[in-house]
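Single-structure report; data block below.
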Amino acid sequence: KEGEEAKPYDTFIKEMKESKLYPIKKGGAFITYDGDIWQGHNAIDIIDDSPQSYWQAETYMKAPYVLDVDLGAPYELSGFSYCPRQTDRYDGFWENFNVYKSSDGKNYELILENQSFLPKTLSTCTMLFPEKTNAQFFKFEILTGTGNLASCAELDFLQDYAAYQKRLEEENRF
C-alpha cells in the first residue's frame, strides 16, 4: 500500500509460514464408520491423501452418520479441512454436523455444534475450532447431508505453525 514500507523478503516469508495451517501426517491415523457403506467406499478412504477415493454411507442408511477418528497420537490442533466427494454432484455434502473430541477414546466433549460448510462447493473447506484443541480421538456426527446421504473424500487435521514446528522437533529428536 502507498505510504507503507516494504517488508524484507525474509520477514514476508516468515509471516507467511506463521499464518498458515499445516496438516498433520495421517500415517498413524485410523477412521471407522460402523454403518453400511456404498459400493466399497470405506471410511479409511477419507485419510488416504487421494481426493479421488471417498467414503459414502449406504443410500438406505439414515442420519446421523458417525465417523470415529483415532489420530494415533495426541495433537494440538487448530481445526480441520473437509474435501467433499469429487463428482459433479453434491451427494453426501455435509450440510449440518457436530464434532466431538476425546483424549481417551471413551469420554467425548462437543467442540463444534450444528456446523455447516454451506454454500456447497467441491473445493476443500476449512473449519477452525473455537480454541486450540489437544486430542487424539474425534467423532464427526453428520446430521444432514445432501440427498439424505453422507460422504467425504478427505479429512485433514490442521496445526498452526508453532504446533507444527514443535511436532517436527519432537520427531527429529529420535
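The values are calculated or read from the model by the stated rules, or taken from the named source; none is laboratory data. Computed from a predicted model, the values in this text were never measured in an experiment. Positions of Cβ are backbone-derived with ideal geometry, glycine not excepted, and every protein chain shown enters the neighbour counts. Side chains are part of the model used for accessible areas, which takes the heavy atoms of the whole protein and leaves out ligands, DNA and RNA. Shrake-Rupley method; radii C 1.70, N 1.55, O 1.52, S 1.80 Å.
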If you check LEU128 against the conditions, is it without any contact (Cβ under 8 Å) to a residue 24 or more places away in the chain and more than 22 Å from THR32 (Cβ to Cβ)?
-> no
Test: residue in region 71-85 that is part of a loop (DSSP other than H, G, I, E, B), touching a strand residue (DSSP E or B) at 6+ places or on another chain (Cβ under 6 Å) and basic (Lys, Arg) = yes
Given (1) open to solvent by less than 50 Å² (accessible area, probe 1.4 Å); (2) out of contact with any strand residue (DSSP E or B) (no Cβ under 8 Å at 6 or more places or on another chain); (3) not aliphatic (A, V, I, L, M), number of the condition TYR60 does not satisfy | (1)
Select the strands (runs of 3 or more DSSP E) contained entirely in region 101-159, then report the ones holding at least 2 residues which are in contact with a Pro (Cβ under 7 Å, 6 or more places away or on another chain), open to solvent by 40 Å² or more (accessible area, probe 1.4 Å) and not β-branched (Val, Ile, Thr).
-> 125-145
